[in-house]
């Protein structure tokens with residue numbers, strides 16, 4: 001919090017932000033924050049220094065100027081042994097996104113299947129995505145896509161099958177397509193672009209999160225899809241350009 005407020009003051013002092021500028025998190029994972037299911041969530045630095053809170057308490061702690069977030073629910077499998085999956089979490093906490101919830105005005109979500117969980121796409125998964133996508137606070141399908149940084153290229157067809165199904169669903173339902181793409185090679189990039197161009201119209205909204213590729217690749221994406229947005233994180237500061245989340 002102290003670092004956040006100091007950064008706001010620094011930007012204001014330099015006049016780098018327009019008057020009245022606000023902050024919005026376009027891609028987060030509320031489940032992993034609250035259940036501490038990310039890789040470092042169980043470390044002493046977290047467990048001994050951060051109080052356990054529920055969703056309403058966490059939102060009340062957000063700093064001034066943070067208007068809300070879009071939380072991605074992209075795993076059907078359990079987050080870690082004994083911890084409910086993201087899909088189960090959103091079903092159990094959907095009441096926080098309803099109009100009568102005091103924090104609903106700060107919460108939106110997406111639903112989909114991450115490439116790490118691509119093997120769990122089936123007819124039942126599609127039904128779940130369709131059902132949750134019908135909720136008025138659902139703004140996108142995903143995050144979905146391809147990941148060859150943590151997965152072998154031999155999984156390409158499995159990941160492609162799951163990605164294609166979700167991309168077509170996003171277009172059918174008129175929801176933004178939220179993409180996770182860690183492609184590692186030029187061949188993979190060309191394959192991904194070919195699939196994306198084949199399925200997704202040029203006017204369809206796309207959000208590519210945690211971008212860590214080249215400027216040239218970003219320009220190619222933006223030149224084709226007029227409603228495409230690219231999200232950057234601290235991953236762009238890593239020496240290895242293929243690292244990310």
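The values are calculated or read from the model by the stated rules, or taken from the named source; none is laboratory data. What you are looking at is a predicted structure, and each value in this text was computed from that prediction instead of being measured. Cβ: placed from backbone, ideal geometry, glycine included. Neighbour counts: every protein chain shown.
A few points about this structure:
- Count - residues of the range 142-168 that are closer than 23 Å to residue 28 by Cα, free of Cβ contacts under 8 Å to residues at least 40 places away in the same chain and part of a loop (DSSP other than H, G, I, E, B): 2
- Across the range 48-59, the qualifying residues are those that are free of Cβ contacts under 8 Å to residues at least 40 places away in the same chain and surrounded by 12 or more Cβ atoms within 10 Å (Cβ to Cβ), and the one among them that is nearest to residue 107 (Cα to Cα) is 58.
- Any hit, the range 47-54, residues being part of a helix (DSSP H, G or I) and farther than 20 Å from residue 94 by Cα: yes
- Single residue of 171, 139 found to be closer than 30 Å to residue 98 by Cβ and assigned to a strand (DSSP E or B): 139
- Residue check, residue 143 modelled with pLDDT under 95 and in contact with a helix residue (DSSP H, G or I) (Cβ under 9 Å, 6 or more places away or on another chain): no
- Against the numbered list (1) surrounded by fewer than 11 Cβ atoms within 10 Å (Cβ to Cβ); (2) touching a helix residue (DSSP H, G or I) at 6+ places or on another chain (Cβ under 7 Å), residue 96 comes up short only at (1).
- Exclusive hit being outside any loop (DSSP other than H, G, I, E, B) and loosely packed, with under 12 Cβ neighbours inside 10 Å, set 195, 219: 219
- Hits in the range 198-207 - residues which are buried (at least 16 other Cβ atoms within 10 Å of the Cβ) and either at pLDDT below 95 or part of a helix (DSSP H, G or I) (or both): 199
- For the range 65-76, the candidate set comprises residues that are modelled with pLDDT of 95 or more and not in a strand (DSSP E or B); within that set, the residue that is surrounded by the most Cβ atoms within 10 Å (Cβ to Cβ) is 74.
Yes/no per residue for (1) at pLDDT below 85; (2) assigned to a strand (DSSP E or B); (3) surrounded by fewer than 10 Cβ atoms within 10 Å (Cβ to Cβ):
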position: 8; (1), (2), (3): yes, no, no
position: 12; (1), (2), (3): yes, no, no
position: 20; (1), (2), (3): yes, no, yes
position: 32; (1), (2), (3): no, no, no
position: 36; (1), (2), (3): no, no, no
position: 41; (1), (2), (3): no, no, no
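- Of all residues making up the range 103-123, the number that are in contact with a helix residue (DSSP H, G or I) (Cβ under 7 Å, 6 or more places away or on another chain) and outside any strand (DSSP E or B): 9
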